[in-house]
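Below is one structure, written out as structure tokens, with a few remarks after it.
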Amino acid sequence: MNKDLLFVSSLILIFAIWTLLRNAGIKKISPLEAKQRLERDNGIILLDVRTKKEYLDEHILKSTLIPLDVLTKEASKKLPDKNAPIFVYCQSGSRSVRAIRILLKMGYKNVYNLGGIGRWPYPKVSPVYKP
């Protein structure tokens, strides 16, 4: 019994350390801080890395869409300033982390993880359906 508990505890500790190391260097930003900074600074890029369909269904006002699967190809065209602050979001937070890793490898300096759009408590843009 004690060996099993020690084994499980060790696995949990290893997973926690792996998660911390995996996300090292990724800066996070809360929705509140992001909203305040977006209201003050016009130079911030709000980047949505979801699919075009997800973006059309709902997105944060003034966000730029570059789906994760074309980010490497499109980033230099749509994000020419590698020093500009970029707040990245997706559906749940997983793709935004992957996108940030890509952007950092490409030389972007001020990239922040906003996480998933579900964390954004402020109004969003969504299509208006007319019956």
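The values are calculated or read from the model by the stated rules, or taken from the named source; none is laboratory data. A quick note: this is a predicted structure, and the numbers were derived from the prediction, not measured. Cβ atoms come from the backbone with ideal geometry, glycine included; neighbour counts cover every protein chain shown.
Within region 22-34, residues that are modelled with pLDDT under 70 sit with their Cβ atoms under 9 Å from residues that are not in a loop (DSSP other than H, G, I, E, B), at 6+ positions apart or across chains, in these pairs: R22/V97; N23/V97; N23/N113. Restricting attention to region 92-103, the residues that are buried (at least 22 other Cβ atoms within 10 Å of the Cβ) and free of Cβ contacts under 8 Å to residues at least 24 places away in the same chain add up to 0. Candidates in region 104-126 are the residues that are in contact with a Lys or Arg (Cβ under 7 Å, 6 or more places away or on another chain) and exposed (fewer than 13 other Cβ atoms within 10 Å of the Cβ); of these, the one that is farthest from K35 (Cα to Cα) is G107. Note on region 31-90: residues that are exposed (fewer than 13 other Cβ atoms within 10 Å of the Cβ) and among the hydroxyl-bearing types (S, T, Y) amount to 1.
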